[in-house]
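Right, one structure below, let's go through it.
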């Protein structure tokens, strides 16, 4: 379902056959010229559904991001595949549920990869960068990676020509665990440790602009996964203590500034018309220090809507309708197949879970979500299922014929059926009123378990990640 301000379409009359041919083929030629747009994907860390002005925030000033929404499309029902960092990033780059590619947790059972983790993406998995690189794109990852800090796991081994950033979360420098000082990396070399976090957003922006300028004449893919507003919070001198929402607001407003600088660069170089810009987040806010998931319930780390439903704004002048809203369900897993379709890049040979959402992006009449069902995984455990507007919260630890009993990660939560159309807070249990819906939901959940696994049991469609021996910490070389 869409709403937008429809532009007036001029009526063209042609009397000469030659002129008619020209007019008929001109749109096709323009379309072909746009088949290889530049793509800028801005991916925040722990930014909540309610943290942007375009999504209702009254405390964070985000005029440039809000302007991006005015120029493009807001998605109201857009999801990350996971409520935490590593699995959500694996899903974004591969188009798969994290359990399918075995990146749902660290090999030690930790929620996410930590310094010196041996685990990383299997090189047989096609990433967005590899797909676009195959059709001539320059590719850069600038920011937080969090898919493995060993050389074979870094962005430069997964299709990115350029890497500049930190390899994992900015709170991962625990001396008692043996973590090294937080490394700032260029390509595969640490050049600063500990990283000066107060200048990270500014330096990411500078590097992003350099990359755009260097590749203005050919198609490029810029993946900009920001470090913030993940805790601990930092902001540069220009933004520190300047917001009405503490250090959280400072960091969000600096990201807004960063977005504006990138948009200004595209405009200055005259390439904004052929650039698709996407702004979203890896999961919901943790709900502390000023973050908001309003009007959703729950927070980062949970399978409530606030943990996994995230803001998503997409802009591509003359292709994506301006000031439009999409209420259809879509996910970060859709970026890979959609980008492949737009650029005619070869699609992954291995099965994926995302979909080509061009009909949604382009506001096609009657376009609907390609999802029949969405599975909410938290670490190794399937915890909820969405079908249409129905969401079934499974009883944690419940058993079912042919299921392997998962570990109980949150004892005492009963099963619950809610309708998201009327109950975004997920408070009203409708289980007793709709037994036929419960039956369908349990069948869908069982299908997920069979495909992707649950608890310690693998699914039939799961693939292996790569665990490397003899992991070493990334440290500054003397």
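The values are calculated or read from the model by the stated rules, or taken from the named source; none is laboratory data. Values in this document were obtained by computation on a predicted structure and should not be read as measured data. Here the Cβ is made from the backbone with ideal geometry for all residues, glycine too, and neighbour counts use every protein chain on show.
Structure notes:
- Residue list for the stretch 279-294, restricted to those being surrounded by 24 or more Cβ atoms within 10 Å (Cβ to Cβ) and either at positive phi or under 15 Å from the mean Cα position of the chain (by Cα) (or both): 279, 281, 282, 283, 284, 285
- Given (1) within 29 Å of residue 455 (Cβ to Cβ); (2) in contact with a helix residue (DSSP H, G or I) (Cβ under 6 Å, 6 or more places away or on another chain), number of the condition residue 118 does not satisfy: (2)
- Residue that is nearest to residue 93 (Cα to Cα), among those in the stretch 439-474 that are in contact with a helix residue (DSSP H, G or I) (Cβ under 7 Å, 6 or more places away or on another chain), modelled with pLDDT of 95 or more and surrounded by 15 or more Cβ atoms within 10 Å (Cβ to Cβ): 462
- Residue count for the stretch 452-478 under the criterion of being closer than 18 Å to residue 87 by Cα and free of Cβ contacts under 8 Å to residues at least 40 places away in the same chain: the result is 1.
- Evaluated against (1) at pLDDT 50 or above; (2) surrounded by fewer than 22 Cβ atoms within 10 Å (Cβ to Cβ), residue 10 falls short on exactly one condition, (1).
- Among the residues of this structure, residue 210 does not count as one that is in contact with a strand residue (DSSP E or B) (Cβ under 7 Å, 6 or more places away or on another chain) and in the same structural domain as residue 102 (by TED's automatic domain parsing).
- Subset of the stretch 66-99 [in a helix (DSSP H, G or I) and either in contact with a strand residue (DSSP E or B) (Cβ under 6 Å, 6 or more places away or on another chain) or on the phi > 0 side of the Ramachandran plot (or both)]: 68, 69, 71
- Within the stretch 295-336, restricting attention to residues that are within 21 Å of residue 82 (Cα to Cα) and over 19 Å from the mean Cα position of the chain (by Cα), the residue that is surrounded by the fewest Cβ atoms within 10 Å (Cβ to Cβ) is 295.
- Test: residue 436 is under 26 Å from the mean Cα position of the chain (by Cα), over 25 Å from residue 125 (Cβ atoms) and at pLDDT 95 or above: no
- Candidate set from the stretch 25-59 (those that are more than 21 Å from the chain's Cα centre (by Cα) and modelled with pLDDT of 95 or more); member that is surrounded by the fewest Cβ atoms within 10 Å (Cβ to Cβ): 58
- Check on residue 199, surrounded by fewer than 17 Cβ atoms within 10 Å (Cβ to Cβ), over 25 Å from the mean Cα position of the chain (by Cα) and assigned by TED's automatic domain parsing to the domain that holds residue 102: no
- Residue list for the stretch 202-228, filter: under 22 Å from the mean Cα position of the chain (by Cα) and in a loop (DSSP other than H, G, I, E, B): 219, 226, 227, 228
- Residue tally, condition within 18 Å of the chain's Cα centre (by Cα), in a loop (DSSP other than H, G, I, E, B) and surrounded by fewer than 21 Cβ atoms within 10 Å (Cβ to Cβ), over the stretch 356-399: 3
- Residue match in the stretch 337-355 (condition: in a strand (DSSP E or B) and crowded, with 24+ Cβ neighbours inside 10 Å): no
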